[in-house]
Amino acid sequence: MPLKLSLKPGEKFVLNGAVVQNGDRRAVLVLQNKASVLREKDIMQQEDVQTPARRIYFPVMMMYLDEGNAEKSYGEFVTRLTEFMGVISNPSILADCVDISKHCMEREYYKALMGCRKLIEYEDERLGNVPTGLSAGGNAG
């Protein structure tokens, strides 16, 4: 099933590890085969990994973007998810954590990333953080 990307002028995204930037006009790309794609708003920079949920998101993002070297990030993911689950008592969030783990074990990293976004939203609500976007002002280039 093709993936259709509608891009804003100047919008960046990562396609199979390469940072790509749209030109000065809106554009639509259709990817006809499987590829790892993350929009700029979903890319987290290392310096933005400062909360427990973001410490889970980052290694999952790395596994998604570089599936061939996923084992390098998997250990960090397991450690951070275990720590997070050890201090959470919300059954819904714990269920999300289990789902994220299952997706990672099945190499469904994009689905795991979407689950991680729920953890970040929950964490931001609990900590009173003002939502500033996933990348906290970072960019892909």
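Taking the stated definitions as given, is VAL60 under 18 Å from CYS104 (Cα atoms), of a type in the set (Val, Ile, Thr) and modelled with pLDDT of 95 or more? Walk me through it before giving the result.
Details: under 18 Å from CYS104 (Cα atoms): yes; of a type in the set (Val, Ile, Thr): yes; modelled with pLDDT of 95 or more: yes.
So VAL60 fits the description; yes.
For the stretch 13-35, which positions are surrounded by fewer than 18 Cβ atoms within 10 Å (Cβ to Cβ) and touching a residue at least 60 places away in the same chain (Cβ under 8 Å)?
Passing the criteria: VAL19, GLN21.
Could you pull out the residue among ARG54, ARG107 that is crowded, with 16+ Cβ neighbours inside 10 Å, of a type outside the set (A, V, I, L, M, F, W, C) and modelled with pLDDT of 90 or more? Give the steps one after another, and end with the answer.
Numbers: ARG107 fails: crowded, with 16+ Cβ neighbours inside 10 Å.
Result: ARG54 is the single residue among ARG54, ARG107 that is crowded, with 16+ Cβ neighbours inside 10 Å, of a type outside the set (A, V, I, L, M, F, W, C) and modelled with pLDDT of 90 or more.
Across the stretch 82-102, which residue is surrounded by the most Cβ atoms within 10 Å (Cβ to Cβ) among those that are of a type in the set (Ser, Thr, Tyr) and farther than 13 Å from ILE56 by Cβ? Before the answer, list the steps.
So the first thing to find is which residues in the stretch 82-102 are of a type in the set (Ser, Thr, Tyr), and the list is 82, 89, 92, 101.
Imposing the further condition that a residue be farther than 13 Å from ILE56 by Cβ reduces the set to 89, 92.
Values: SER89: 7, SER92: 10.
Among them, the one singled out is SER92.
Residues of the stretch 20-39 being at pLDDT 90 or above and closer than 15 Å to MET61 by Cβ, which ones?
Scanning the stretch 20-39 gives VAL37, LEU38, ARG39.
Which pairs have Cβ atoms under 7 Å, sit 6 or more apart or on different chains, and link a residue in the stretch 104-129 that is touching a residue at least 40 places away in the same chain (Cβ under 8 Å) and part of a helix (DSSP H, G or I) to one that is buried (at least 17 other Cβ atoms within 10 Å of the Cβ) and among the small types (Gly, Ala, Ser)?
CYS104/ALA112; CYS116/ALA53; LEU119/ALA53; ILE120/ALA53; GLU123/ALA53
Being in contact with a Pro (Cβ under 8 Å, 6 or more places away or on another chain) and farther than 17 Å from PRO9 by Cα is the filter here; which residues of the stretch 19-50 pass it?
Residues satisfying the conditions are LEU31, GLN32.
The values are calculated or read from the model by the stated rules, or taken from the named source; none is laboratory data. None of the values given here were measured: they were computed from a predicted structure. Using ideal geometry, Cβ is built from the backbone for each residue, glycine included, and neighbour counts are taken over all protein chains shown.
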